[in-house]
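Comments concern the structure below.
A short reminder: the numbers here are calculations on the coordinates, not readings from a lab. Quick caveat: nothing in here was measured; it's all calculated off a predicted structure. Cβ coordinates were reconstructed from backbone atoms using ideal geometry, including for glycine residues, and neighbour counts include every protein chain displayed.
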Amino acid sequence: MLQIIDTRREYIKLQLSNKKSIDYTLYPEYSLTYFLFFLSKSSGFILYDDIEMLHTMTDYILFLLDSLLLRCDTTIGLFYKNLLRSIKSSEDATILLDKEEKLHANKKLYILVDLTYVILSQRASSLMICRANSNVSLPEKYFKKSRYNHLSYLPKDFQIKLQPIKISEILSNKKRISENNEDDNKEQNSPNKKKKNSSKEKTKFFNNQND
């Protein structure tokens, strides 16, 4: 997953360097859109305010967010805020007839958005200082535009306390990983390495022939 995130980041940088407009769906963070929607449809997620289930959902969301934060930059907080606001300005588009079912489905979706916001605020508070200023387009197959729902659906007695990740440490780790990858590539492409690999392949070939 980290490799996919890195590939997308590099592509976005290339687009920006060429002064081209960026498709929001290219951002690795956009995967959160589908992740939260399908998580809200989980068969085990029956009552939207089930505190025990919300702790389980916290672990699921952390699994994705921690991977994204390991490869983040300091400007991504605005995208997170715009994305989460856009989801709370939408309704579940997959339920058309049953109003009660639709209301319950929306509550499960909204509470996961609220939970994600709390997780991001604790995990990477420095990213979330910015203020949402625009909407992010969502897949019409799953989301239908509606009014922004400003209510918080998290139960008052639901609490989580997460260890914050320092963005400076993230960027430092990112730089170190990048340098290590460059060193590995140089080693792989060095003449001595190629010669050594070639000798190994020849030895393996002759051994197979003798067998």
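Values for this structure:
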| quantity | calculated |
| --- | --- |
| Cleavage-rule hits (GluC sites (Glu not before Pro)) in the range 67-158: DSSP loop, at most 10 neighbouring Cβ within 10 angstrom | Glu140 |
| Entries in Lys107/Lys145; Lys41/Lys107; Lys41/Lys81; Lys102/Lys156; Lys107/Lys144 that, when Cα-Cα distance is taken, lie over 18 Å | Lys41/Lys81; Lys102/Lys156 |
| Residue-count net charge about Arg147 - beta-carbon cut-off 13 Å; Lys, Arg +1, Asp, Glu -1 | +3 |
| For Val136, residues with placed amide H under 5 Å, excluding near neighbours | Ser86 |
| Exposure proxy order (Cβ contacts within 10 Å, fewest to most) of Val113, Val118 | Val118, Val113 |
| Charge context of Asp59, other residues only, Cβ under 12 angstrom, K/R +1, D/E -1 | -2 |
| Packing-based exposure ordering (other Cβ within 10 Å, fewest first) of Lys145, Lys81 | Lys145, Lys81 |
